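The values are calculated or read from the model by the stated rules, or taken from the named source; none is laboratory data. Since this is a predicted model, take the numbers as computed values, not measurements. All Cβ positions, even for glycine, are placed from backbone atoms using ideal geometry, and neighbour counts span all protein chains on display. Accessible surface areas use protein heavy atoms only, side chains included; no ligands, DNA or RNA. Shrake-Rupley method; radii C 1.70, N 1.55, O 1.52, S 1.80 Å.
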Amino acid sequence: LVTTLAATLDLRPQYALEGSVFVAGAAVQWLRDGLGMIAASGDVEPLARQSQADSHVVFVPALVGLGAPHWMPEAEGTIFGITRGTTAADLARATLEGLALQVLDLVRAAAQDLPGGLRHMRVDGGAARNELLMQLQADLLGVPVERVAVTESTALGAAFLAGLATGVWRDPQEIARLVRIEQIFRPAMDDAPRTVLVERWKHAVATVLRHYGGRTP
């Protein structure tokens with residue numbers, strides 16, 4: 001992972017540990033704009049819920065390369081497990097699984113640098129509105145995923161910092177009490193299917209790395 005300079009309240013620098021994923025929600029936009037599978041990004045959830053239970057489709061969304069923790073910009077998007085029975089719903093679900101599995105890779109990488117482990121994950125942004133994705137994320141991580149009421153957290157954080165600077169709020173603790181959790185997604189997947197998903201993903205990513213790492217121009 002990489003360290004990035006975070007916002008500060010005084011002259012002492014603060015840093016964040018950042019996992020850079022090159023394509024996350026943009027993979028859903030590709031389904032919408034590139035393939036024309038859905039009319040709006042929000043349509044991916046109901047479509048993915050129609051996926052076959054025995055689908056083995058794995059989508060590694062390296063559409064502009066693979067970011068952390070693999071760092072291979074030469075990689076390209078790859079789909080495994082397509083058969084004559086594969087449907088658009090199977091590809092939609094594989095896309096959401098690919099997003100959640102990329103985050104799992106980042107969390108496992110962060111665990112090598114941070115003590116204590118992950119007790120819960122707080123999420124925001126447009127993708128956080130996808131309830132199937134949030135449940136998949138909780139299932140794969142094995143910890144609760146908390147969706148905040150205001151999902152545009154970047155803008156909200158800037159407003160909070162401005163409020164601190166101008167005296168609207170006295171300290172960060174006062175601001176922390178303003179953050180409201182809208183919904184909590186709790187792990188509900190058994191160990192066996194989780195292991196299958198994760199191992200299938202690891203094999204797919206390893207195949208992509210091997211293929212594009214040894215490719216000649």
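For this structure, a couple of remarks:
- Qualifying residue in the stretch 54-63 (condition: more than 30 Å from GLN112 (Cβ to Cβ) and out of contact with any Lys or Arg (no Cβ under 9 Å at 6 or more places or on another chain)): yes
- Exclusive hit being of a type outside the set (D, E, K, R), over 30 Å from ALA88 (Cα atoms) and modelled with pLDDT of 90 or more, set GLN50, GLN14, GLN29: GLN14
- VAL145, sole failed condition from (1) open to solvent by 60 Å² or more (accessible area, probe 1.4 Å); (2) β-branched (Val, Ile, Thr); (3) in contact (Cβ under 8 Å) with a residue 40 or more places away in the chain: (1)
- TRP201 fulfils the conditions (1) open to solvent by less than 30 Å² (accessible area, probe 1.4 Å); (2) outside any helix (DSSP H, G or I) except for a single criterion, (2).
- Candidates in the stretch 176-190 are the residues that are farther than 16 Å from ALA159 by Cβ and of a type outside the set (A, V, I, L, M); of these, the one that is most open to solvent (accessible area, probe 1.4 Å) is ARG186.
- Checked against (1) within 27 Å of ALA100 (Cα to Cα); (2) open to solvent by 30 Å² or more (accessible area, probe 1.4 Å); (3) small (Gly, Ala, Ser), ALA159 passes all but a single condition, namely (1).
- Being modelled with pLDDT of 95 or more and among the basic types (Lys, Arg) is a description that does not apply to ARG108.
- Of the strands (runs of 3 or more DSSP E) lying entirely inside the stretch 1-103, the ones with 3 or more residues being open to solvent by 50 Å² or more (accessible area, probe 1.4 Å) are found at 2-6, 14-18.
- Counting the residues of the stretch 166-217 that are under 24 Å from the mean Cα position of the chain (by Cα), farther than 21 Å from PRO61 by Cβ and of a type in the set (Ser, Thr, Tyr) gives 1.
- Residue that is least open to solvent (accessible area, probe 1.4 Å) [pool: residues in the stretch 162-175 that are over 27 Å from GLN137 (Cβ atoms) and part of a helix (DSSP H, G or I)]: GLY163
- Any hit, the stretch 156-174, residues being under 27 Å from GLY65 (Cβ atoms), of a type outside the set (A, V, I, L, M, F, W, C) and modelled with pLDDT under 95: no
- Test: ALA138 is closer than 23 Å to ARG108 by Cα and either among the small types (Gly, Ala, Ser) or surrounded by fewer than 18 Cβ atoms within 10 Å (Cβ to Cβ) (or both): yes
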